[in-house]
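Nothing in this text is a laboratory measurement; each read-out follows from the coordinates by a stated rule. Predicted, not measured: the structure shown is a model, and the values here were computed from it. Neighbour counts are summed over all protein chains in view; Cβ atoms, including those assigned to glycine, are modelled from backbone coordinates with ideal geometry.
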Amino acid sequence: MCNNTKLIDSLYIKIYNLFIFSKKKEKKMKKILSLILCLAMAFTMSTALTGCNDDTLYVYTNAEFAPYEFIEGADVVGVDMEIAEAIAEKLGKKVKIVNLDFDALTPQLSNLKDNEIILAGMTITDERKEKADFSDPYATSIQYIIYDNTQSVILDTIAKLEGKKVGVQLATTGDYIMSDFTVDNGYFDLTVNQYSSAQSAALILLKGEIDAVVVDKLPAEMIANNNEKLTAVAASYEVDNENIFASESYGVAVKKGNTELLSTINTVIAELIANGKIIEWTNQYSGIVA
Ligand code: ARG
């Protein structure tokens, strides 16, 4: 039951008790109590109309990651938001989007309530799985390098980024992988500059203040498609004959132990993969045919 309903129930009981106790008292008191009862009823009606928390699925995201989530006019739209709507529909709830900075989603993983999920093109990682449970993957990606194709030195491989400045979105997998690049870790040194979004990093790249941006495939391709000076290519770097830029899988995060919600979400994801909806939305929102 939702908190508002509990509150209203206890309010009614209190008012009823007052009625009984005031039986022998003056009529005036009864009039006042009737008025209070009317007000309480009006409050119940308005709560029923606006809906209480129980009818709402809160969706935490960072709407700076087209085609998965981005701002269009006054709305947050994208593939993930379509998935959120489909999950909410299955649950008989309505969606309320909570748009945060991506780095605020990491603490949110540990704070999720039963009616809250994170849908943010979030890669399923072991560290994140310690804080929340993840659904089955609904999409895969890989890190891409965005570089300025008008420069004399073309920085289209990770190896060429030695000693360079690389922009990333704070607290993303791109940030984590690039921040590992130090001589101490057995790679080479480079400087990582963290930004609130890959788009803002790309603007700094265009100004020539950094040398490249590392971000997930489709967001990288969309940024490059929107600016002829920018090109996006898959990132790869081999250590012991193995590419350290492995494929990443996106999942929906739910509160740890909420197996009921998780299995509903997995059912919805399976349906949306089977009926081609995820691919359709991905093509639609990216303008790139997968
Ligand atoms: N897949 C990457 C990660 O999980 C980047 C996600 C960024 N998502 C966003 N909505 N900004 O770290």
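Around THR191, with a cut-off of 10 angstrom between Cβ atoms, what is the net charge of the other residues, counting Lys and Arg +1 and Asp and Glu -1? Surrounding charge for THR191 is 0. Across the cross-link table entries LYS217/LYS277; LYS129/LYS277; LYS160/LYS255; LYS255/LYS277, which are compared at the Cα atoms, the separations over 30 Å belong to LYS160/LYS255.
Restricting the calculation to Cα atoms, every distinct pair contributes to the Kirkwood radius of the stretch 128-250, found to be 14.8 Å. Would you work out if the stretch 236-288 is rounded, prolate or oblate? Take a ≥ b ≥ c from the square roots of the eigenvalues of the alpha-carbon gyration tensor; rounded if a/c is under 1.5, else prolate when a/b is larger than b/c, oblate otherwise. Judged from the Cα gyration tensor, the stretch 236-288 comes out oblate (a/c at least 1.5, b/c at or above a/b).
Rounded to 0.05, the FRET efficiency of the ASP54 and SER152 pair, given R0 = 51 Å and the Cβ-Cβ distance, is 0.25. Neighbours of GLU209, meaning other residues whose beta-carbon lies under 15 angstrom from its beta-carbon, give a summed charge of +2 when Lys and Arg score +1 and Asp and Glu score -1.
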